[in-house]
1. Kindly check whether there is at least one residue in the range 5-15 that is at pLDDT 80 or above and under 20 Å from the mean Cα position of the chain (by Cα).
2. Considering only the range 135-173, state which residues are touching a helix residue (DSSP H, G or I) at 6+ places or on another chain (Cβ under 6 Å) and among the polar types (S, T, N, Q).
3. Spot the failing condition for residue 104; the list is (1) of a type in the set (Val, Ile, Thr); (2) in contact (Cβ under 8 Å) with a residue 40 or more places away in the chain; (3) closer than 26 Å to residue 64 by Cβ; (4) crowded, with 16+ Cβ neighbours inside 10 Å, and only one is missed.
4. Hey, can you tell me all the residues within the range 134-150 that are of a type in the set (A, V, I, L, M, F, W, C) and surrounded by 19 or more Cβ atoms within 10 Å (Cβ to Cβ)?
Amino acid sequence: MSEFDEQHGVARSRTLSRTTAFTDAAVAIALTLLILPLVDVAGAAGDTPVGTLLDDSESQIFGFLLSFAVIIRYWSAHRSSWEGLRDYDEVLMGLNSLWLLTIIFLPFSTALLTSGDGLSRGGAVFYIATLLAIGLTGQAMAWRIYRRPALRAPFVTDAMMRGRLRQGNASLVVLLASTALAVINPTAGLFALLLLAATRIRLRSHRRVA
């Protein structure tokens, strides 16, 4: 390997590390934004009893906990994919930017979901549609990594990538079903999102068996 090729490889490795750090920071900001509406509620509470305040903020607390869990779940899947990279291409970088766009948009969807007295049908459908966009961009990244073995570290096998793609497909099915259910019953559609955790557990069980 020439000195130029070695320096070029070091530069690309540094860019990959910087992109990962930037992505993690953006996710952390999105998580922080989720709590701000509740901070505003607490700041305007005055002498309102804590029990009353919590009862009045029930939908906002539910939205915060749900979105926090969702972001952590998708960040965990993103981390699993990116820690197995040894290189990148511009398509993957573009898909990562789109994924970040959907993640950072989620606090807005969460605020819309919990802005009324209860969970509205339109807010629930819009919220789950945002999750669907996150899932689709994440699945597109996984597919790109699968189709470009040169981007992967040697320990990331085709079988491992196919497992991640199956998990992503299962998550998309859950999101589509949750969207349809939310049109009929917003609360039921949102609680159906708990099945996303099951898709993650299923993948881990496959890893232990392998």
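The values are calculated or read from the model by the stated rules, or taken from the named source; none is laboratory data. This is a predicted model, so every value here is computed, not measured. We place every Cβ from the backbone using ideal geometry, glycine too, and count neighbours over all the protein chains shown.
1. no
2. Hits for the range 135-173 are 137, 139, 167, 171.
3. All conditions pass for residue 104, except number (4).
4. Within the range 134-150, 134, 141, 142, 145 qualify.
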